[in-house]
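Take a look at the structure set out below.
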Amino acid sequence: MHLDPLAILTAFGLIFLAELPDKTMFASLAMGTRMRPLYVWFGTSSAFIVHVAIAVGAGGLLGLLPGWIVKLVSAALFAFGAFMLLRGGGGDEDEDQEVKTVTGFWPVYSTAFMAVFISEWGDLTQITTANLAASNGTWSTAIGSAAALMSVSALALLAGRFIAKRVPLKTVQRVGGLCMLALAIWSVIEIFTG
């Protein structure tokens, strides 16, 4: 098992920026206002770890293809991610999900787990994680992606209201989109220079 610190940081940065303005952050914030935040975090973190495992598994399969095909698929996925972030997405921050008061570890855990597990299928961060795993290695990507997702959930639970009021989420989306666009261009350049 080889861990690449740059790959871990790349995965962390991209996934963090992509997930920050996502509906899952706001769902975590909403659940945290009505449920015990630590229990919510355990539930969301568990769901994220399952999704990261699925995504890096898919990325590992992509890694078995010839190098130029992987780079072409990576470029397309990064371009798609950039498009999704730069087009504005709209509406995610306006979605207020009504969550009933739930108490006790297992009810809170399972509610948070299911909310994230269901909503994250095919999400931009899952696609990006698979893409990064194909080109940057599975373990490094898994560690960086899981840490980013768990960090966003923790931020939402601890300081979500502060972030939503003071940091323009459109700016965060645009920075993430521009990073993904740069990675798409870089992947295309690597096809011709590698």
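Assorted remarks:
- Residue-span extension gain [Thr193 to Leu64] - 0.36 nm each, minus C-alpha spacing: 44.4 nm
- Heavy atoms of Leu72 accessible to a 1.4 Å probe, total area in Å² rounded to 10: 90 Å²
- For region 16-64, with all protein chains in place and a probe radius of 1.4 Å, 73% of the accessible heavy-atom surface sits on carbon or sulfur.
- Between Met1 and Arg87, residue separation times 0.36 nm minus the direct Cα-Cα distance comes to 27.2 nm.
- Cα pair distances of region 1-79 binned at 5 Å [whole percent]: 3, 11, 14, 23, 20, 12, 9, 5, 3, 1
- By accessible area, using a 1.4 Å probe on protein heavy atoms only, region 100-148 has 72% of its surface on carbon and sulfur.
- For Thr125, net neighbour charge (Lys/Arg +1, Asp/Glu -1) across residues whose Cβ lies under 10 Å away: -4
The values are calculated or read from the model by the stated rules, or taken from the named source; none is laboratory data. The model shown is predicted, which means the values in this text are computed figures rather than measured ones. Counting neighbours? That spans all protein chains shown, and the Cβs are built from the backbone with ideal geometry, glycine included. SASA here: full protein model, heavy atoms, side chains in, ligands and nucleic acids out. Shrake-Rupley method; radii C 1.70, N 1.55, O 1.52, S 1.80 Å.
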